[in-house]
Ligand SMILES: [Zn+2]
């Protein structure tokens, strides 16, 4: 389960004065994880208000007993009470700057526990907090993001017509316990958030939502992680309605607990449901139709779905799409119908295949998009699509020549927290594996994957090895277990000679100047026609192959774009005509 880079946690020493004595203690904000949430949330959309009461369970994740716990919520919320076994606990409230919340800060409670909690032991706390959740993009605008871009990214809010609030990483609407994340420091937010998600992955969350407002006749529904929460009670007082619904998250793991309260209509299909807002029915139907095309392909590659993929509409036409597990939030009114098949392929893959390793979970969902495009429009279309990702990847990998062995490991696909790597690079890696071992073998390996058996990073390699006789240790070493950068192919030489039977023997020596090996397609243009060979060249290595061609070879072109490469500018070679 541990696949985060080693990181020295920052400890903050707080100087305080207590009973006339001054003492110094060090706060380890990540000492406790929260293993269980059982919350009652009162939401008044017209007032943008949220009030929470409930119980949480804290577990000491350190090797030493702990007497102080840190609990954090969004800075727009306030702590009201913290109790243990019916006794009020003393706590210090303070603001804490962190970009894990859209406001760029958290309301922190530094709680003195009734007694020390031993390592791995737990303590139950009853908590209360309340406040408002308004549109707020402070964390982005303060680092220079233009206001409209920032608001389209951080669109979360509780509002009269629509409530959409994503969890940690957007809005800390439930308590968390993390070190500060800083968007202006490289991957700090991803690292803090990934550590939190790993600690949270075995946790359970149960929430009762009570929504009060004047809605009649358009009663809103409450959705939690894309699932409709069943209504357990309903009261109407004049124009005011009070609706209570109970929700349980199906998969806390790497998903972000997300609350939606809106008047949704729904288009349902066996594999997917699309919830849309008023006036967006046509767009929702188009989405569902293009998703139908992707169903058989996703089933063929990733098996029968465990659950339905869930698409939910956003009312803000410029809002950036957002995905968490099987749920995709996107403004249907402006989403390009041409892209809905692609989006559906991605979400349907999540609904079929579950992995806590991002390079498998997200990498395969992006790979499914490339497969979908190939099926719809041919291989070139898939390669063009991957081309967008390759450009981002080449920039990310530009610095990798200077990586030391520790960095090679922390940036590897099995450890990385960088989206470019676990999305774009992983997609290319899956595509290369498929080109090397074939569809059937890779499909069987994927079908054999069971997240509960995925106990070490080489598990997937072993599943693939069981389906193919080919030795791929070098490939996994260069692409999956280490970040060795990218290959750089170059034809060192090529000679053609006429054979006695009037065909041609072409001898090609292919160089790989880069630091990662790969098998690359090489196409040979002939006086008439073209033939393609796949050639494996290890990092900093050369391979010489002889190819018999029916007509005179004229030009060699290395790499159709299926292998990410640091310098594709030296990939064409003109073959001299044979002397005789
Ligand atoms: Zn995804």
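Quick note: the coordinates plus some simple rules give every number you see, no bench work behind them. Just so it is clear, the structure is predicted and the values come from calculations on it, not from any experiment. In this analysis, Cβ positions are derived from the backbone assuming ideal geometry, glycine residues included, and neighbour counts consider all displayed protein chains.
With 0.36 nm allotted per residue and the present C-alpha distance subtracted, the residue 560-residue 299 stretch has 91.2 nm of extension available.
Would you please give the FRET efficiency between residue 336 and residue 306, computed as 1/(1 + (r/R0)^6) with r the Cβ-Cβ distance and R0 = 30 Å, to the nearest 0.05?
0.60
Normalised by 2.2 N^0.38 Å, where N is the number of residues, the alpha-carbon radius of gyration of region 348-494 equals 1.04. In a fully extended conformation the segment linking residue 552 and residue 503 would gain 16.9 nm over its present Cα-Cα distance, using 0.36 nm per residue.
Distance between the 7 Å Cα→Cβ label points at residue 473 and residue 443: 3.1 nm. Between 0 and 90 degrees, the angle of helix 426-437 with respect to the longest Cα principal axis of the chain falls at about 40 degrees. Computed log10 I(q)/I(0) for region 70-164 at 0.13, 0.14 Å⁻¹: -0.57, -0.64, from the Debye equation with unit scatterers placed on every C-alpha and solvent omitted.
The angle between the Cα long axis of helix 358-377 and the main principal axis of the chain comes to about 50°, on a 0 to 90 degree scale.
So what is the 222 nm mean residue ellipticity for the chain from helices alone, if each DSSP H run of at least 4 adds -39500 (n - 2.57) and you divide by all residues, rounding to the nearest 500 deg cm²/dmol?
On the way: 12 runs with 142 residues, N = 580.
Taking each H run of at least 4 residues, the total per residue is -7500 deg cm²/dmol.
Round to a whole angstrom and tell me the spacing of the C-alpha centers of region 173-206 and region 402-416. Between the Cα centre of region 173-206 and that of region 402-416, the gap is 21 Å.
Multiplying the residue separation of residue 214 and residue 161 by 0.36 nm and subtracting their alpha-carbon distance yields 18.0 nm. For the pair residue 523 and residue 455, label points projected 7 Å from Cα toward Cβ lie 4.7 nm apart.
Consider all pairwise Cα distances in the chain and report the whole-number % of them above 34 Å. Pairs farther apart than 34 Å: 48 percent. Computed from the alpha carbon atoms alone, the convex hull of region 242-310 holds 116 Å³ per residue. Looking at the chain, the DSSP beta bridges with both ends there are about 90 percent antiparallel. Summary of packing: across the peptides 487-496, 163-172, the per-residue average of other C-beta atoms within 10 Å ranks them, highest first, as 163-172, 487-496.
Highest average first, the peptides 149-161, 535-547 ordered by how many other beta carbon atoms sit within 10 Å of their residues are 149-161, 535-547.
Peptide packing: for 276-288, 66-78, the average count of neighbouring Cβ atoms within 10 Å per residue gives the ranking 66-78, 276-288, highest mean first.
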